[in-house]
Amino acid sequence: MARGLTDQEALPAGFDPRNRDRDDLYGALTQLRSHGRIVHSPQLQAWCVTGYEDIAAILRNDADFSARDHKPRPLAQLPPDVEEMLSSWSGESASLGEMDPPEHTRVRTVINAGFTPRALRGAEADIRATAVELLQPLAGVAEFDLVAEFALPYALTVIMRFLGIPAEHHQACLRWSDHKVQLMVGRDHTPEQLREYATGLRDFGAFARQLTAQRLTQPREDLISAMLHESPHGHRLTAQEVASLIPTLIITGHTTLAQALAITVRHQLRSPGGWAALVDGTVAVADLVEEGLRLDCPVVGMYRTTVREVTVAGQLLPAGSRVLLLYGAGNHDPARYPEPDRCLPDRWPAAAHLAFGRGTHYCAGAALARAELRIALEELVGRFPRLSATPETAPAYRPTFPLRALRDLRVRP
Ligand code: HEM
């Protein structure tokens, strides 16, 4: 029988994924799971779902769960002018992540046409050239930050080349993307900082609209032009829709990728013999890509909202309930992955992990991301067989739950 909410099911007071628990997130998620498959969090204002099968079932069920309120909510009340800029910066169109079918299907079909296996095969040499170009100068330095000096510019350059955005705009897009992340999940910002971030977002929106207008009249061989001028399976997008997709693709296309790469490298460097096993081929790069994503995924969770009364893991949820699908917890579900906290690259091919989500909103860039991670790791291993990490002194992760973000990763080549 379905249960109602009781005090015992409230989240343990100690769970603090945004702050204290961020460096031991998986310890905290294991503790959370011990309280049940679904646990209410007053702090996160959501029901946290921890089991792989429950998460996968929700992601298959668009009829009962909507994505319309999928993003984390800002932690503090924003000043009214910041709220206003935040709701209008990208124009009138809803963002892809918050659309439900059939609206979502139309937009997604057009995006998918840009990431076909053929398009990705065609991009491989360019992706490798980007990695090489960024790594070459680092061979001569004593120490560098793998996040800022390699992972971020690499991931950004790849998605920008796909979109056809010239290099002179990359730094601004990097800055605006960080503003978006800060507004969404950052904390302790002053009203002035919030205004600066929101103004940056407004500029981001204007930049995307200007670029769209250019490609509308002067199409090129890039994803923006394709989204404007092609109509796969009869689906078309308006210029406004394309303009609002550009920041989404830039942000989602590089922040998560850079973090997945840095997190995986950090893990290998901190495991005894981990890097050497990659260098001598004992661990296959493609397997490590999957295991790295499973072990510590950049998107730890995403939200959905119940459309009608529904039962999840025995818990009755009224219509309008917010659920947080903890992909990170599902990826460590012992019922699905034996010894879930160990890095075991040879467990693949195993059941697909949830690092890219599942179902309707399954990551549009998953195949591109896999190729980017593989190529970056191959180039790192080939060039820096003795790579090592310097000792860490501060918390390794930024307080940006549910996004997982290393502050930096200082390494010696
Ligand atoms: C390792 C890197 C990446 C990870 C871990 C990741 C993770 C995710 C996850 C978990 C979702 C689903 C969110 C949800 O359930 O609501 C998602 C959606 C999405 N991702 Fe990725 N992503 C990565 C790389 C990329 C790249 C390179 C692109 C570039 C095109 C991209 C574009 C998107 C888009 C457009 C969506 C929205 C899909 C939709 O709502 O239909 N991602 N990603």
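The values are calculated or read from the model by the stated rules, or taken from the named source; none is laboratory data. Keep in mind the model is a prediction, meaning the values are calculated, not measured. Note that each Cβ is placed from the backbone with ideal geometry, even for glycine, and that neighbours are counted across all protein chains shown. In case anyone asks, the SASA skips ligands and DNA or RNA and just uses the protein heavy atoms, side chains included. Shrake-Rupley method; radii C 1.70, N 1.55, O 1.52, S 1.80 Å.
Observations on the model:
- Qualifying residue in region 69-78 (condition: within 28 Å of Gln182 (Cβ to Cβ), part of a loop (DSSP other than H, G, I, E, B), within 16 Å of the ligand (Cβ to nearest atom) and open to solvent by 50 Å² or more (accessible area, probe 1.4 Å)): yes
- Within region 79-108, restricting attention to residues that are aliphatic (A, V, I, L, M) and away from the ligand (no atom under 16 Å from the Cβ), the residue that is least open to solvent (accessible area, probe 1.4 Å) is Val82.
- Here Leu237 meets each of (1) within 24 Å of Arg370 (Cα to Cα); (2) not in a helix (DSSP H, G or I) with one exception, condition (1).
- For region 351-366, a residue qualifies if it is open to solvent by less than 40 Å² (accessible area, probe 1.4 Å), in a loop (DSSP other than H, G, I, E, B), more than 6 Å from the ligand (Cβ to nearest atom) and farther than 16 Å from Arg304 by Cα, and the qualifying residues are Ala351, His353.
- Within region 183-202, the set of residues being assigned to a helix (DSSP H, G or I), within 14 Å of Gln77 (Cα to Cα) and among the basic types (Lys, Arg) comprises Arg195 only.
- Single residue of Val141, Val132 found to be aliphatic (A, V, I, L, M), open to solvent by 50 Å² or more (accessible area, probe 1.4 Å) and away from the ligand (no atom under 12 Å from the Cβ): Val141
- Checking Arg370, Arg383, Arg374 one by one, the residue that is surrounded by 15 or more Cβ atoms within 10 Å (Cβ to Cβ), closer than 18 Å to Gly253 by Cβ, at pLDDT 95 or above and more than 9 Å from the ligand (Cβ to nearest atom) is Arg374 and no other.
- Yes/no for Gly114 being buried (at least 20 other Cβ atoms within 10 Å of the Cβ) and either in contact with a helix residue (DSSP H, G or I) (Cβ under 9 Å, 6 or more places away or on another chain) or outside any helix (DSSP H, G or I) (or both): yes
- Checked against the criterion of being open to solvent by less than 50 Å² (accessible area, probe 1.4 Å), out of contact with any Pro (no Cβ under 9 Å at 6 or more places or on another chain), of a type in the set (S, T, N, Q) and part of a helix (DSSP H, G or I), the candidates Thr264, Thr255 yield just one match: Thr264.
- Hey, Leu316 touching a Gly at 6+ places or on another chain (Cβ under 6 Å), farther than 30 Å from Leu163 by Cα and either away from the ligand (no atom under 11 Å from the Cβ) or touching a residue at least 60 places away in the same chain (Cβ under 8 Å) (or both) or not: no
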